[in-house]
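A.B. asks: The structure follows.
The values are calculated or read from the model by the stated rules, or taken from the named source; none is laboratory data. Just so you know, these numbers come straight off a predicted model, no measurement behind them. Cβ: placed from backbone, ideal geometry, glycine included. Neighbour counts: every protein chain shown. What goes into the accessible areas is simple: the full protein's heavy atoms, side chains included, and nothing from ligands, DNA or RNA. Shrake-Rupley method; radii C 1.70, N 1.55, O 1.52, S 1.80 Å.
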Amino acid sequence: MAQNVIDILKQEHKMVLSQFSELSSKGMSDRERKYDTLKQNLMPHLIGEEKALYPRLEEVEGMRDTILESIEEHSAVKTLLGQLDSSSTSDEDVWVAKLKVIEENVEHHISEEEEKIFPEMQQKMSSSELSSLGSRYEEAKRSAMPVAAR
């Protein structure tokens with residue numbers, strides 16, 4: 001049986017937050033490669049949520065506004081990542097400051113998902129639907145993988 005979508009997302013949240021924490025350290029070597037790895041994990045996660053999870057959650061009574069806000073938070077993170085992509089890592093202080101703003105946005109988004117959205121999902125959805133969403137999420141992520149390389 002497929003894994004519960006909430007369990008998958010929580011594991012990915014933990015991994016991405018750890019990667020942010022590492023990247024925001026000053027004096028780090030191999031920053032570009034580690035940043036690329038972060039994006040390769042984060043972008044499919046965002047796209048997977050948008051394609052597989054959010055459309056279903058918009059249909060759940062009382063969740064539409066929260067999901068619309070989540071979509072906007074994703075958009076903001078993508079915009080900020082685009083700005084960071086065009087920044088040079090040579091001025092480490094500026095680069096790390098930009099990264100920390102992205103990290104704060106992602107942390108806020110994760111806390112809303114884990115404290116508001118996930119409990120609501122557990123209450124209003126069966127375990128089989130959560131597993132089905134897990135499968136759909138994983139498939140949406142796989143189809144998004146080429147996008148992450150941009």
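A.B. asks: Any residue at all in the stretch 131-149 that is open to solvent by 60 Å² or more (accessible area, probe 1.4 Å), over 16 Å from TYR35 (Cβ atoms) and small (Gly, Ala, Ser)? Show your work before the answer.
C.D. replies: First, pick out the residues of the stretch 131-149 that are open to solvent by 60 Å² or more (accessible area, probe 1.4 Å): 136, 139, 142-143, 145-146, 149.
Next cut, over 16 Å from TYR35 (Cβ atoms) only: 136, 139, 142-143, 145-146.
Remaining after also requiring small (Gly, Ala, Ser): 143.
Among the residues of the stretch 131-149, at least one is open to solvent by 60 Å² or more (accessible area, probe 1.4 Å), over 16 Å from TYR35 (Cβ atoms) and small (Gly, Ala, Ser), which makes the answer yes.
A.B. asks: Being modelled with pLDDT under 95, closer than 19 Å to VAL101 by Cα and assigned to a helix (DSSP H, G or I) is true for just one of SER21, SER25. Which residue is that?
C.D. replies: SER21
A.B. asks: Hey, among LEU46, LEU42, LEU68, which residue is surrounded by fewer than 13 Cβ atoms within 10 Å (Cβ to Cβ), within 30 Å of GLN123 (Cβ to Cβ) and among the aliphatic types (A, V, I, L, M)? Please lay out each step first, then the result.
C.D. replies: On the way: LEU46 fails: surrounded by fewer than 13 Cβ atoms within 10 Å (Cβ to Cβ); LEU42 fails: surrounded by fewer than 13 Cβ atoms within 10 Å (Cβ to Cβ).
It is LEU68.
A.B. asks: Here are some conditions: (1) at pLDDT 95 or above; (2) surrounded by 13 or more Cβ atoms within 10 Å (Cβ to Cβ). THR89 meets all but one. Which one does it not meet?
C.D. replies: All conditions pass for THR89, except number (1).
A.B. asks: Limited to the stretch 2-21, what total is found for residues that are acidic (Asp, Glu) and in contact (Cβ under 8 Å) with a residue 60 or more places away in the chain? Walk me through how you get there before you give the answer.
C.D. replies: First, pick out the residues of the stretch 2-21 that are acidic (Asp, Glu): 7, 12.
Pick out the ones that are also in contact (Cβ under 8 Å) with a residue 60 or more places away in the chain and you get 7.
Within the stretch 2-21, residues that are acidic (Asp, Glu) and in contact (Cβ under 8 Å) with a residue 60 or more places away in the chain number 1.
A.B. asks: hydroxyl-bearing (Ser, Thr, Tyr) and at pLDDT 95 or above: is that true of THR79 in this structure?
C.D. replies: Criteria met by THR79.
A.B. asks: Let me ask something additional. Being in contact (Cβ under 8 Å) with a residue 60 or more places away in the chain and open to solvent by 10 Å² or more (accessible area, probe 1.4 Å) is the filter here; which residues of the stretch 111-120 pass it?
C.D. replies: Residues satisfying the conditions are GLU114, GLU120.
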